[in-house]
Amino acid sequence: MAVIDKAYFPGFARKAISFSIDDGNLAMDEKFINIVKPRGIFGTFNLTAPKLDVLSASGYRDFYRGYEIANHCKYHPVTIDPLDTREFSDRIFERDTADERYYYRHPEVDGLWYLKRHDFWCVGAKYEDYIRFADCGRAELEAVFGKGAIKGFVWPHGCCYDERIFEHLRAEGYLYTRYTKHVDGEFAVQKDRMRIGMHARSTNLPKAAEDFVNAPDTGELKMLIFGVHSNDYERDGKWGVLADFCDVFREKPSEYYSAPIAELFEYEDAKEALSVTEDKLKNPSDRTLYVKIDGEKTVIPPHAELSL
Ligand SMILES: [Zn+2]
């Protein structure tokens, strides 16, 4: 029987690079795109809700063309922990007099509360309101970027304190949610897609590039995801470091593939769906798949069958 090796990204690369950049800071995202795009690095921008007074809907589509847009939740709230014992005040939030033992109402948005988190005040929402803001944010983004375009959810403030929200997002068909957590290890494709993290940010790009280049071929797909705000690269003076990082991987299509995060997961699913029998390979997906049959590079078009 033929030996089938399915563990390749497009181009017969074992390794893929992607990024996940939060908050939709247009000026900084533009600088970021101007560095990654000419170097062939693709990824995902995570937006709260489009500000249509800044760019029109078609302006947004042009600006982010070629990149995935994920939902970063309307109003950028943190999830309120149902076990948190702080009381909910009836008062509107006033920064000068606010007491950190309370949640305070947002002056304009019903269901949005101010809370002290670490050493700063931010907004948060309880379960019912949170999922309302998440759903509404996705609808507003899809009105701009197209129905079905929003496949990922990225937690504002980096994590989730209420398990029920995961269930909701899963039921809504999200492909993944992203934490702001560091992922150690060998760059294996992350299995728990409801809690993916990142391998690098503005502070450790050179080391991450070196580790990724040196990661041995284990016969499995590997993925490096970096982030986290385009403004980090401005604030830390890391634009040159970002360019150098991307240069390590550019124009090596047989070694490194790059695509937005949802696309990489969808490719992985299509690859898993490839059926192999004694005499036939069948690709039921709408993706072109890259496999090696007895060491021979073979490209399998969408919905194609191949006799072995
Ligand atoms: Zn954010």
Q) Would you pick out the residues in the stretch 258-308 that are of a type in the set (Ser, Thr, Tyr) and touching a helix residue (DSSP H, G or I) at 6+ places or on another chain (Cβ under 8 Å)? A) Ser258, Ser285
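Do we find that Ala243 is among the hydrophobic types (A, V, I, L, M, F, W, C), crowded, with 21+ Cβ neighbours inside 10 Å and touching a residue at least 40 places away in the same chain (Cβ under 8 Å) in this structure? Quick ask: steps written out before the conclusion?
Values: among the hydrophobic types (A, V, I, L, M, F, W, C): yes; crowded, with 21+ Cβ neighbours inside 10 Å: no; touching a residue at least 40 places away in the same chain (Cβ under 8 Å): yes.
No.
Being among the small types (Gly, Ala, Ser), surrounded by fewer than 20 Cβ atoms within 10 Å (Cβ to Cβ) and assigned to a loop (DSSP other than H, G, I, E, B) is the requirement here; does Gly11 meet it? Quick ask: steps written out before the conclusion?
Values: among the small types (Gly, Ala, Ser): yes; surrounded by fewer than 20 Cβ atoms within 10 Å (Cβ to Cβ): yes; assigned to a loop (DSSP other than H, G, I, E, B): yes.
Answer is yes for this residue.
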Q) In the stretch 68-102, which residues are in a strand (DSSP E or B) and crowded, with 20+ Cβ neighbours inside 10 Å? A) Glu68, Ile69, Ala70, Asn71, Val78, Thr79
Q | Residue identified as among the charged types (D, E, K, R), more than 16 Å from the ligand (Cβ to nearest atom) and either without any contact (Cβ under 8 Å) to a residue 12 or more places away in the chain or assigned to a loop (DSSP other than H, G, I, E, B) (or both) among Arg65, Arg61 | A | Arg65
Q) How many residues are surrounded by fewer than 17 Cβ atoms within 10 Å (Cβ to Cβ) and either touching a Lys or Arg at 6+ places or on another chain (Cβ under 8 Å) or outside the structural domain of Thr180 (by TED's automatic domain parsing) (or both) when one looks only at the stretch 223-238? A) 1
Q: Could you check, for the stretch 280-301, whether at least one of its residues is among the hydrophobic types (A, V, I, L, M, F, W, C), in contact with a Ser or Thr (Cβ under 7 Å, 6 or more places away or on another chain), modelled with pLDDT of 95 or more and not in a strand (DSSP E or B)?
A: no
Q) Within the stretch 34-58, which residues are farther than 25 Å from Ala188 by Cβ and away from the ligand (no atom under 16 Å from the Cβ)? A) Asn34, Ile35, Lys37, Pro38, Leu52, Asp53, Val54, Leu55, Ser56, Ala57, Ser58
(Q) For the stretch 120-177: of the residues being part of a strand (DSSP E or B) and touching a residue at least 60 places away in the same chain (Cβ under 8 Å), which is farthest from Asn71 (Cα to Cα)? (A) Tyr176
Q: Tell me which residues, restricted to the stretch 165-202, are within 16 Å of the ligand (Cβ to nearest atom) and within 30 Å of Ser58 (Cβ to Cβ).
A: Thr177, Arg178
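Residues being farther than 28 Å from Ala57 by Cβ and either touching a Ser or Thr at 6+ places or on another chain (Cβ under 6 Å) or within 14 Å of the ligand (Cβ to nearest atom) (or both): count how many of those fall in the stretch 134-164. Reasoning before the result, please.
Taking the stretch 134-164 as the starting set, the residues that turn out to be farther than 28 Å from Ala57 by Cβ are 158-164.
Next, only the ones that are either touching a Ser or Thr at 6+ places or on another chain (Cβ under 6 Å) or within 14 Å of the ligand (Cβ to nearest atom) (or both) stay: 158-162.
Adding up the residues that qualify gives 5.
Can you tell me which of Glu251, Glu268, Glu220, Glu263 is surrounded by fewer than 13 Cβ atoms within 10 Å (Cβ to Cβ), closer than 22 Å to Met198 by Cα and of a type outside the set (Gly, Ala, Ser)? Walk me through it before giving the result.
Details: Glu251 fails: closer than 22 Å to Met198 by Cα; Glu268 fails: surrounded by fewer than 13 Cβ atoms within 10 Å (Cβ to Cβ); Glu263 fails: surrounded by fewer than 13 Cβ atoms within 10 Å (Cβ to Cβ).
That would be Glu220, the only listed residue that is surrounded by fewer than 13 Cβ atoms within 10 Å (Cβ to Cβ), closer than 22 Å to Met198 by Cα and of a type outside the set (Gly, Ala, Ser).
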Q: Please determine, by comparing only the residues of the stretch 20-33 that are farther than 18 Å from Pro156 by Cβ and not aliphatic (A, V, I, L, M), which one is nearest to the ligand (Cβ to nearest atom).
A: Phe32
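The values are calculated or read from the model by the stated rules, or taken from the named source; none is laboratory data. What you see is a predicted model; the values in this text were computed from it and never measured. Using ideal geometry, Cβ is built from the backbone for each residue, glycine included, and neighbour counts are taken over all protein chains shown.
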